[in-house]
Amino acid sequence: MEISLILFKKLLIMFIYMFFGYVFFKSGIITEKRNRYLSNVLLYIIFPVVIVNSFAVKKTADNISAFVSSFFLAIISLLISMFISHIIYERYYYKRYKKKLKVDDIGVAFSSAAFMGIPIVASLFTKNSVFYVSSFAAILTFLQWTYGVRVMSGSGEYIKIKKILTNPVLISMLIGLFLYSFEIEVVSPIKNIFTVISYLNAPIVMIILGVYLAQTDILSMFSDKTVYLSSFLRLILIPLLTMLIINFIPASKDIKMIIMIAASAPVGSNVAIFAKIYGGDYKKAVKIVCMSTLLCIISMPMILGISNVFFK
(Lines give C-alpha, C1' and ligand atoms only; values in the text may rest on other atoms or scores of the structure.)
Protein backbone atom coordinates (compact mmCIF):
# COMPACT_ATOMS: atom_id res chain seq x y z
CA MET A 1 0.00 0.00 0.00
CA GLU A 2 2.85 2.36 0.85
CA ILE A 3 4.47 2.09 -2.59
CA SER A 4 1.05 2.71 -4.21
CA LEU A 5 0.57 5.89 -2.19
CA ILE A 6 4.08 7.15 -2.98
CA LEU A 7 3.59 6.42 -6.68
CA PHE A 8 0.20 8.15 -6.68
CA LYS A 9 1.77 11.29 -5.17
CA LYS A 10 4.59 11.22 -7.75
CA LEU A 11 2.11 10.79 -10.59
CA LEU A 12 -0.02 13.62 -9.23
CA ILE A 13 2.98 15.95 -9.38
CA MET A 14 3.72 14.80 -12.92
CA PHE A 15 0.12 15.48 -13.92
CA ILE A 16 0.44 19.04 -12.61
CA TYR A 17 3.29 19.47 -15.11
CA MET A 18 0.99 18.00 -17.76
CA PHE A 19 -1.66 20.57 -16.86
CA PHE A 20 0.94 23.32 -17.36
CA GLY A 21 1.65 21.94 -20.85
CA TYR A 22 -2.07 22.01 -21.62
CA VAL A 23 -2.41 25.62 -20.43
CA PHE A 24 0.80 26.74 -22.17
CA PHE A 25 -0.51 25.45 -25.52
CA LYS A 26 -4.00 26.86 -25.11
CA SER A 27 -2.57 30.26 -24.16
CA GLY A 28 -0.12 30.27 -27.09
CA ILE A 29 3.03 30.16 -24.95
CA ILE A 30 3.92 26.81 -26.57
CA THR A 31 3.00 26.22 -30.19
CA GLU A 32 3.11 22.92 -32.08
CA LYS A 33 6.45 23.98 -33.59
CA ARG A 34 7.91 24.91 -30.20
CA ASN A 35 6.69 21.60 -28.80
CA ARG A 36 8.69 19.80 -31.51
CA TYR A 37 11.78 21.72 -30.41
CA LEU A 38 11.06 20.75 -26.81
CA SER A 39 10.67 17.11 -27.86
CA ASN A 40 14.04 17.24 -29.63
CA VAL A 41 15.70 18.72 -26.54
CA LEU A 42 14.22 15.85 -24.51
CA LEU A 43 15.19 13.15 -27.00
CA TYR A 44 18.67 14.34 -27.96
CA ILE A 45 19.91 16.03 -24.77
CA ILE A 46 17.97 15.34 -21.59
CA PHE A 47 17.16 11.68 -22.08
CA PRO A 48 20.67 10.60 -23.19
CA VAL A 49 22.12 12.47 -20.20
CA VAL A 50 19.72 10.61 -17.87
CA ILE A 51 20.80 7.24 -19.27
CA VAL A 52 24.55 7.97 -19.27
CA ASN A 53 24.25 9.38 -15.75
CA SER A 54 22.53 6.18 -14.58
CA PHE A 55 25.67 4.17 -15.42
CA ALA A 56 27.78 6.26 -13.06
CA VAL A 57 27.81 3.48 -10.48
CA LYS A 58 30.60 1.36 -9.07
CA LYS A 59 30.94 -1.92 -10.93
CA THR A 60 30.23 -4.88 -8.68
CA ALA A 61 29.28 -8.51 -9.21
CA ASP A 62 25.86 -7.80 -7.67
CA ASN A 63 24.88 -4.95 -9.99
CA ILE A 64 26.23 -6.78 -13.06
CA SER A 65 24.01 -9.73 -12.14
CA ALA A 66 21.05 -7.41 -11.52
CA PHE A 67 21.58 -5.66 -14.86
CA VAL A 68 21.65 -8.99 -16.72
CA SER A 69 18.45 -10.02 -14.89
CA SER A 70 16.74 -6.74 -15.82
CA PHE A 71 17.80 -7.23 -19.45
CA PHE A 72 16.21 -10.68 -19.74
CA LEU A 73 13.10 -9.69 -17.78
CA ALA A 74 12.70 -6.71 -20.12
CA ILE A 75 12.81 -9.02 -23.15
CA ILE A 76 10.19 -11.31 -21.59
CA SER A 77 7.95 -8.37 -20.70
CA LEU A 78 8.13 -6.91 -24.21
CA LEU A 79 7.48 -10.29 -25.84
CA ILE A 80 4.35 -10.63 -23.70
CA SER A 81 3.04 -7.21 -24.71
CA MET A 82 3.80 -7.79 -28.42
CA PHE A 83 2.11 -11.20 -28.29
CA ILE A 84 -1.06 -9.85 -26.63
CA SER A 85 -1.22 -6.93 -29.05
CA HIS A 86 -0.78 -9.23 -32.05
CA ILE A 87 -3.46 -11.67 -30.85
CA ILE A 88 -6.02 -8.92 -30.18
CA TYR A 89 -5.48 -6.72 -33.22
CA GLU A 90 -4.19 -9.07 -35.90
CA ARG A 91 -5.87 -12.36 -35.07
CA TYR A 92 -9.14 -11.20 -33.49
CA TYR A 93 -10.02 -7.61 -34.40
CA TYR A 94 -8.90 -7.74 -38.03
CA LYS A 95 -10.53 -11.10 -38.70
CA ARG A 96 -13.82 -9.95 -37.16
CA TYR A 97 -14.05 -6.35 -38.43
CA LYS A 98 -11.69 -6.45 -41.44
CA LYS A 99 -10.04 -3.30 -40.15
CA LYS A 100 -6.45 -2.85 -39.05
CA LEU A 101 -5.87 -0.68 -36.00
CA LYS A 102 -2.14 -0.14 -36.51
CA VAL A 103 -1.68 2.64 -33.96
CA ASP A 104 -3.55 0.63 -31.33
CA ASP A 105 -1.42 -2.41 -32.12
CA ILE A 106 1.86 -0.52 -31.68
CA GLY A 107 0.56 1.55 -28.76
CA VAL A 108 -0.42 -1.55 -26.79
CA ALA A 109 2.83 -3.37 -27.65
CA PHE A 110 5.15 -0.58 -26.50
CA SER A 111 4.78 1.41 -23.30
CA SER A 112 6.31 4.74 -22.37
CA ALA A 113 8.96 2.84 -20.43
CA ALA A 114 11.57 5.47 -21.19
CA PHE A 115 9.81 8.82 -20.91
CA MET A 116 7.50 7.92 -18.00
CA GLY A 117 9.10 4.78 -16.61
CA ILE A 118 12.55 6.24 -15.98
CA PRO A 119 11.47 9.31 -13.94
CA ILE A 120 9.13 7.14 -11.86
CA VAL A 121 11.85 4.55 -11.19
CA ALA A 122 14.25 7.36 -10.25
CA SER A 123 11.75 8.80 -7.76
CA LEU A 124 10.70 5.50 -6.14
CA PHE A 125 14.07 3.78 -5.93
CA THR A 126 17.66 4.96 -5.69
CA LYS A 127 19.18 7.14 -8.41
CA ASN A 128 21.22 4.15 -9.59
CA SER A 129 18.03 2.15 -10.28
CA VAL A 130 17.68 3.92 -13.63
CA PHE A 131 20.70 1.79 -14.55
CA TYR A 132 18.39 -1.25 -14.59
CA VAL A 133 15.42 0.22 -16.44
CA SER A 134 17.66 1.63 -19.20
CA SER A 135 17.99 -1.86 -20.66
CA PHE A 136 14.20 -1.98 -21.02
CA ALA A 137 14.26 1.38 -22.82
CA ALA A 138 17.02 0.26 -25.20
CA ILE A 139 15.34 -3.04 -26.14
CA LEU A 140 12.00 -1.28 -26.56
CA THR A 141 13.61 1.29 -28.87
CA PHE A 142 15.16 -1.44 -31.02
CA LEU A 143 11.82 -3.28 -31.30
CA GLN A 144 9.93 -0.08 -32.11
CA TRP A 145 12.22 0.70 -35.04
CA THR A 146 11.99 -2.86 -36.38
CA TYR A 147 8.76 -4.63 -35.46
CA GLY A 148 6.93 -1.34 -34.86
CA VAL A 149 7.91 0.14 -38.22
CA ARG A 150 6.96 -3.13 -39.93
CA VAL A 151 3.46 -3.09 -38.43
CA MET A 152 2.82 0.65 -38.90
CA SER A 153 4.11 0.85 -42.49
CA GLY A 154 2.94 -2.59 -43.56
CA SER A 155 6.34 -3.27 -45.11
CA GLY A 156 9.80 -4.25 -43.99
CA GLU A 157 11.45 -1.97 -46.55
CA TYR A 158 11.11 1.01 -44.19
CA ILE A 159 13.27 -0.61 -41.52
CA LYS A 160 16.55 1.31 -41.64
CA ILE A 161 19.61 0.05 -39.78
CA LYS A 162 21.02 3.58 -39.75
CA LYS A 163 17.99 4.89 -37.81
CA ILE A 164 18.36 2.13 -35.26
CA LEU A 165 22.09 2.61 -34.76
CA THR A 166 21.85 6.41 -34.56
CA ASN A 167 18.97 6.43 -32.09
CA PRO A 168 20.02 8.56 -29.09
CA VAL A 169 18.62 6.01 -26.61
CA LEU A 170 20.83 3.22 -27.93
CA ILE A 171 23.87 5.47 -28.36
CA SER A 172 23.62 6.82 -24.81
CA MET A 173 23.23 3.29 -23.41
CA LEU A 174 26.35 2.14 -25.29
CA ILE A 175 28.28 5.13 -23.97
CA GLY A 176 27.05 4.38 -20.46
CA LEU A 177 28.00 0.71 -20.76
CA PHE A 178 31.46 1.71 -22.01
CA LEU A 179 32.01 4.04 -19.04
CA TYR A 180 30.68 1.42 -16.64
CA SER A 181 32.67 -1.50 -18.10
CA PHE A 182 35.99 0.33 -18.00
CA GLU A 183 35.13 2.09 -14.72
CA ILE A 184 35.69 5.52 -16.23
CA GLU A 185 34.49 8.13 -13.76
CA VAL A 186 32.83 11.29 -15.09
CA VAL A 187 34.59 14.33 -13.61
CA SER A 188 32.70 16.11 -10.85
CA PRO A 189 31.65 19.35 -12.65
CA ILE A 190 30.21 17.40 -15.61
CA LYS A 191 28.56 14.90 -13.28
CA ASN A 192 26.88 17.77 -11.41
CA ILE A 193 25.63 19.25 -14.69
CA PHE A 194 24.31 15.82 -15.75
CA THR A 195 22.45 15.48 -12.44
CA VAL A 196 20.78 18.89 -12.84
CA ILE A 197 19.79 18.12 -16.44
CA SER A 198 18.34 14.78 -15.30
CA TYR A 199 15.91 16.63 -13.01
CA LEU A 200 14.32 18.17 -16.12
CA ASN A 201 13.25 14.79 -17.51
CA ALA A 202 9.87 14.32 -15.79
CA PRO A 203 8.66 17.97 -16.11
CA ILE A 204 9.53 18.18 -19.83
CA VAL A 205 7.96 14.79 -20.60
CA MET A 206 4.67 15.76 -18.96
CA ILE A 207 4.60 19.28 -20.47
CA ILE A 208 4.95 17.70 -23.92
CA LEU A 209 2.12 15.27 -23.14
CA GLY A 210 0.02 18.20 -21.91
CA VAL A 211 0.50 19.85 -25.31
CA TYR A 212 -0.61 16.61 -26.98
CA LEU A 213 -3.72 16.60 -24.81
CA ALA A 214 -4.47 20.23 -25.70
CA GLN A 215 -4.50 19.28 -29.40
CA THR A 216 -6.89 16.38 -28.85
CA ASP A 217 -10.64 16.39 -29.34
CA ILE A 218 -11.36 15.34 -25.77
CA LEU A 219 -15.04 14.52 -26.38
CA SER A 220 -14.22 12.15 -29.24
CA MET A 221 -11.41 10.63 -27.18
CA PHE A 222 -13.82 9.69 -24.39
CA SER A 223 -16.44 8.39 -26.82
CA ASP A 224 -14.11 6.08 -28.78
CA LYS A 225 -14.52 2.53 -27.43
CA THR A 226 -11.30 1.30 -29.06
CA VAL A 227 -9.33 3.84 -27.00
CA TYR A 228 -10.66 2.22 -23.82
CA LEU A 229 -9.71 -1.23 -25.14
CA SER A 230 -6.16 -0.07 -25.87
CA SER A 231 -5.87 1.48 -22.41
CA PHE A 232 -7.20 -1.66 -20.70
CA LEU A 233 -4.74 -3.90 -22.53
CA ARG A 234 -1.79 -1.56 -22.00
CA LEU A 235 -2.48 -0.63 -18.36
CA ILE A 236 -4.16 -3.71 -16.86
CA LEU A 237 -3.99 -6.97 -18.83
CA ILE A 238 -0.36 -6.83 -19.99
CA PRO A 239 1.07 -5.75 -16.60
CA LEU A 240 -0.89 -8.49 -14.77
CA LEU A 241 0.29 -11.18 -17.20
CA THR A 242 3.83 -9.86 -16.94
CA MET A 243 3.63 -10.00 -13.15
CA LEU A 244 2.39 -13.61 -13.19
CA ILE A 245 5.11 -14.79 -15.58
CA ILE A 246 8.17 -12.99 -14.20
CA ASN A 247 7.24 -14.15 -10.70
CA PHE A 248 8.63 -17.58 -11.66
CA ILE A 249 11.95 -16.16 -12.90
CA PRO A 250 14.84 -15.83 -10.43
CA ALA A 251 15.55 -12.15 -9.79
CA SER A 252 15.43 -9.75 -6.86
CA LYS A 253 12.14 -8.17 -5.88
CA ASP A 254 13.45 -4.66 -6.65
CA ILE A 255 14.41 -5.65 -10.21
CA LYS A 256 10.99 -7.19 -10.76
CA MET A 257 9.28 -4.06 -9.42
CA ILE A 258 11.37 -1.86 -11.73
CA ILE A 259 10.36 -4.02 -14.71
CA MET A 260 6.71 -3.77 -13.59
CA ILE A 261 6.93 0.03 -13.65
CA ALA A 262 8.12 -0.09 -17.25
CA ALA A 263 5.53 -2.74 -18.15
CA SER A 264 2.61 -0.83 -16.61
CA ALA A 265 3.52 2.56 -18.09
CA PRO A 266 1.00 4.11 -20.54
CA VAL A 267 1.19 4.08 -24.33
CA GLY A 268 4.44 5.62 -25.55
CA SER A 269 4.31 8.93 -27.42
CA ASN A 270 6.44 7.40 -30.20
CA VAL A 271 3.27 5.83 -31.63
CA ALA A 272 2.15 9.34 -32.64
CA ILE A 273 5.53 10.04 -34.26
CA PHE A 274 5.38 6.74 -36.16
CA ALA A 275 1.82 7.50 -37.27
CA LYS A 276 2.97 10.79 -38.81
CA ILE A 277 6.00 9.27 -40.51
CA TYR A 278 4.33 6.16 -41.92
CA GLY A 279 0.85 7.45 -42.71
CA GLY A 280 -0.99 6.07 -39.69
CA ASP A 281 -3.96 7.62 -37.90
CA TYR A 282 -2.14 10.43 -36.05
CA LYS A 283 -5.24 11.76 -34.28
CA LYS A 284 -6.09 8.28 -33.00
CA ALA A 285 -2.49 7.81 -31.86
CA VAL A 286 -2.63 11.02 -29.81
CA LYS A 287 -5.94 9.89 -28.29
CA ILE A 288 -4.58 6.56 -27.02
CA VAL A 289 -1.43 8.24 -25.71
CA CYS A 290 -3.45 10.84 -23.80
CA MET A 291 -6.18 8.49 -22.54
CA SER A 292 -3.75 5.87 -21.25
CA THR A 293 -1.64 8.60 -19.65
CA LEU A 294 -4.67 10.04 -17.85
CA LEU A 295 -5.81 6.62 -16.65
CA CYS A 296 -2.37 5.51 -15.47
CA ILE A 297 -2.71 7.69 -12.37
CA ILE A 298 -5.18 5.03 -11.16
CA SER A 299 -3.80 1.89 -12.82
CA MET A 300 -0.09 2.20 -12.03
CA PRO A 301 -0.46 2.56 -8.23
CA MET A 302 -2.89 -0.37 -8.29
CA ILE A 303 -0.59 -2.62 -10.36
CA LEU A 304 2.50 -1.72 -8.33
CA GLY A 305 0.60 -2.28 -5.07
CA ILE A 306 -0.48 -5.76 -6.20
CA SER A 307 3.03 -6.56 -7.45
CA ASN A 308 4.61 -5.45 -4.19
CA VAL A 309 2.46 -7.99 -2.30
CA PHE A 310 2.68 -10.68 -4.99
CA PHE A 311 6.47 -10.81 -5.34
CA LYS A 312 8.20 -12.58 -2.46
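The values are calculated or read from the model by the stated rules, or taken from the named source; none is laboratory data. Predicted, not measured: the structure shown is a model, and the values here were computed from it. As a convention, Cβ positions derive from the backbone with ideal geometry for all residues, glycine included, and neighbour counts pool all protein chains shown. Side chains included, ligands, DNA and RNA excluded: accessible areas come from the protein's heavy atoms. Shrake-Rupley method; radii C 1.70, N 1.55, O 1.52, S 1.80 Å.
See the values below:
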| item | result |
| --- | --- |
| Count of residues meeting criterion [more than 23 Å from Asp105 (Cα to Cα) and among the hydroxyl-bearing types (Ser, Thr, Tyr)] in the range 132-184 | 6 |
| Conditions (1) free of Cβ contacts under 8 Å to residues at least 24 places away in the same chain; (2) crowded, with 18+ Cβ neighbours inside 10 Å; number of the one not met by Arg234 | (1) |
| Any chance Pro189 is in contact (Cβ under 8 Å) with a residue 40 or more places away in the chain and assigned to a helix (DSSP H, G or I) | no |
| Wholly enclosed helices (runs of 4 or more DSSP H) of the range 31-104 bearing at least 1 residues open to solvent by 70 Å² or more (accessible area, probe 1.4 Å) and of a type in the set (Phe, Trp, Tyr) | 32-41, 61-86, 94-97 |
| Unique residue being part of a helix (DSSP H, G or I), at pLDDT 80 or above, over 23 Å from Lys100 (Cβ atoms) and of a type in the set (Ser, Thr, Tyr) when the list is Ser123, Ser134 | Ser134 |
| The range 237-262: number of residues that are out of contact with any Phe, Trp or Tyr (no Cβ under 8 Å at 6 or more places or on another chain), touching a residue at least 12 places away in the same chain (Cβ under 8 Å) and part of a helix (DSSP H, G or I) | 10 |
| Qualifying residue in the range 165-172 (condition: among the aliphatic types (A, V, I, L, M), assigned to a helix (DSSP H, G or I), open to solvent by 60 Å² or more (accessible area, probe 1.4 Å) and more than 24 Å from Asn63 (Cβ to Cβ)) | yes |
| Those residues of the range 2-54 which are of a type in the set (Gly, Ala, Ser) and either touching a residue at least 24 places away in the same chain (Cβ under 8 Å) or touching a Gly at 6+ places or on another chain (Cβ under 7 Å) (or both), in sequence order | Ser4, Gly21, Ser39, Ser54 |
| Among the residues listed as Gly210, Gly148, Gly176, the single one being closer than 27 Å to Ile64 by Cβ, assigned to a helix (DSSP H, G or I) and open to solvent by less than 30 Å² (accessible area, probe 1.4 Å) | Gly176 |
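For (1) under 24 Å from Asp254 (Cα atoms); (2) in contact (Cβ under 8 Å) with a residue 60 or more places away in the chain; (3) small (Gly, Ala, Ser), each residue gets a yes or a no:
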| residue | (1), (2), (3) |
| --- | --- |
| Ile118 | yes, yes, no |
| Ser123 | yes, yes, yes |
| Ser129 | yes, yes, yes |
| Ser134 | yes, yes, yes |
| Ile161 | no, no, no |
| Phe178 | no, no, no |
| Ser181 | yes, yes, yes |
| Glu185 | no, yes, no |
